[in-house]
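Report on one structure; see the data block that follows.
The values are calculated or read from the model by the stated rules, or taken from the named source; none is laboratory data. If you're wondering where the values come from, they're calculated on a predicted model, not measured in any experiment. Note that each Cβ is placed from the backbone with ideal geometry, even for glycine, and that neighbours are counted across all protein chains shown.
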């Protein structure tokens, strides 16, 4: 986001054809520079696609789950997915279905799967937030500092998942689990954050977040 | 905004232990504790390492810079969450974990160097220390010793407990250790939150006799020291410490300091960087009552591992200099640190100069994340080269020198 802003013309700058071309060239060079590390990732994504075939049974093709029982993995930050799989594998996070799936994954598997799901576009939200919960939900995300880690639009970054457009039931279950201390937590942040939420707050948040745009 | 501020204030009161009218007290995560109401829309957050680490082939090694004549290379990868480093008598390199639960040994196997897990299932074994055949491991609430471990890396001996029952605290629970000239193990007990009144023996540096288990507090008011070493000339204990967060980009500074006598008070939570009264606790005691730091390193720069250089590989002027790893800030809108610095100090404890030694991890001071690697500890090898751990990538680098 910030990187893109740099290439916008300054206020009052006249956009000439030559200027536009120069800008385009700079932008292309920047894209190329950004693409360099992903040359390594490209192979990983392909390997990840193979390895993800088994995931599709529950999480849907490309991680675009249509079943509210299983979270949407498409478009999740790679570091989040590799961390979540790691926690399942190490027994820190437990789930009857996921724990055995993750038990025998290698570190390379974790990263290939994470790269693959990160490369899939996140599907648009499958539902709309109840109008009465739009403002209340937004307030809760600010008051509880959700935006500090999950980002201003709650699209996730680094080890923090995209919660915008995730399934309502899944979000409710995670927040309830964090509050109860039954959902594993990387560093205690989410468990602490959920302590201040009432069951009603959790309902409002799940409703609000599940209806947010995913881009 | 007013509502936010009031709510945040209520949460802070709840965190401070004052009963909340409606529901159970909701402690903020320790890194968030101390945020003011007008910071509720801040997007600053701690950074997490890559849980699997990254292979050397994927690192931006070309970005790393060292002074002329020096060379930096990857010594070993495949050590996710690489934290403190210790060197065995036989040359084994031991590496601890903070968020994960392993201790690694880097060994040479038929000319090929490999990192392998030798201890697992430990509780945040951040600190490792080697002395006279024994590996000491500092977990969250205790320190263990593994005698003769270098002879049995594949089947380590059962540990003995040096000290147990240290505080079960949130916040800064990870430990680092240094071996004193008195044969005692010096270690930190961090503060249990960002800015709180610490309990007895918290926010301190203490020492324990590994043979008798006798425990003593050496210095108090040390918010969180993750690096300490003794000046080989004066035999004084030096330490780095991380200052509180959420007072803005410009302060307080993290510090490099020295303990002049047992029981010396270093200011936290009342006074930061020797001359900045805390907005909450500063009313209770004056900065004049406390030891001032030797050197202000910079706000939110996160100084961690430090060692006096005693080797002979580097040029003579490096002798007795301090190498200090700076893990880099998160609680600052413009990031700094993410490097190893060289601090020249005289035997009396004065700083002559401070300059970057290994840098290039920081790629964009305003980006999130701003870096591709984070130095944690520095350790001198027997040949005089310097190892540097990086917990973001799970890598140990080696810096060497030749004319």
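Here are the numbers:
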item: Meets criteria (farther than 17 Å from residue B:191 by Cα, touching a strand residue (DSSP E or B) at 6+ places or on another chain (Cβ under 6 Å) and not in a loop (DSSP other than H, G, I, E, B)) for residue B:337; result: no
item: Within segment A:168-179, considering residues that are more than 21 Å from residue A:86 (Cβ to Cβ) and away from every other protein chain (no Cβ under 11 Å), the one farthest from the chain's Cα centre (by Cα); result: A:176
item: The lone exception for residue A:200 - which of (1) in contact (Cβ under 8 Å) with a residue 60 or more places away in the chain; (2) over 23 Å from residue A:122 (Cβ atoms) it fails; result: (1)
item: Qualifying residue in segment B:296-304 (condition: assigned by TED's automatic domain parsing to the domain that holds residue B:175 and either farther than 18 Å from residue B:227 by Cα or at pLDDT below 95 (or both)); result: no
item: Which numbered condition residue B:321 fails, given (1) away from chain A (no Cβ under 14 Å); (2) more than 17 Å from residue B:65 (Cα to Cα); (3) touching a residue at least 40 places away in the same chain (Cβ under 8 Å); result: (3)
item: Residue tally, condition touching a helix residue (DSSP H, G or I) at 6+ places or on another chain (Cβ under 6 Å) and facing chain B (nearest Cβ under 10 Å), over segment A:180-196; result: 4
item: Unmet requirement for residue B:298, which otherwise passes all of (1) at negative phi; (2) surrounded by fewer than 24 Cβ atoms within 10 Å (Cβ to Cβ); (3) in a strand (DSSP E or B); result: (1)
item: Residues being over 22 Å from residue B:46 (Cα atoms) and under 15 Å from the mean Cα position of the chain (by Cα) - total across segment B:168-217; result: 6
item: Among (1) assigned by TED's automatic domain parsing to the domain that holds residue B:264; (2) crowded, with 17+ Cβ neighbours inside 10 Å; (3) free of Cβ contacts under 8 Å to residues at least 40 places away in the same chain, the one test that residue B:183 misses; result: (2)
item: Wholly within segment B:182-275, strands (runs of 3 or more DSSP E) carrying at least 3 residues that are under 20 Å from residue B:345 (Cβ atoms) and modelled with pLDDT of 95 or more; result: B:227-230, B:237-241, B:253-259
item: Total residues in segment B:118-138, condition in contact (Cβ under 8 Å) with a residue 24 or more places away in the chain, in a loop (DSSP other than H, G, I, E, B) and surrounded by fewer than 21 Cβ atoms within 10 Å (Cβ to Cβ); result: 4
item: Odd one out for residue B:392 among (1) assigned to a loop (DSSP other than H, G, I, E, B); (2) modelled with pLDDT of 95 or more; (3) surrounded by fewer than 24 Cβ atoms within 10 Å (Cβ to Cβ); result: (3)
item: Residue check, residue A:175 over 19 Å from residue A:64 (Cβ atoms), in a helix (DSSP H, G or I) and out of contact with any strand residue (DSSP E or B) (no Cβ under 9 Å at 6 or more places or on another chain); result: yes
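For every residue, the table says whether it meets (1) farther than 24 Å from residue B:344 by Cα; (2) in contact (Cβ under 8 Å) with a residue 12 or more places away in the chain; (3) over 18 Å from the mean Cα position of the chain (by Cα).
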position: B:229; (1), (2), (3): no, yes, no
position: B:232; (1), (2), (3): no, yes, yes
position: B:242; (1), (2), (3): no, yes, no
position: B:247; (1), (2), (3): yes, yes, yes
position: B:252; (1), (2), (3): no, yes, no
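A quick yes/no check of all residues on (1) away from chain A (no Cβ under 14 Å); (2) loosely packed, with under 14 Cβ neighbours inside 10 Å; (3) under 17 Å from residue B:144 (Cα atoms):
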{"residue": "B:155", "(1), (2), (3)": "yes, yes, yes"}
{"residue": "B:172", "(1), (2), (3)": "no, no, no"}
{"residue": "B:189", "(1), (2), (3)": "yes, no, yes"}
{"residue": "B:210", "(1), (2), (3)": "yes, no, yes"}
{"residue": "B:236", "(1), (2), (3)": "yes, no, no"}
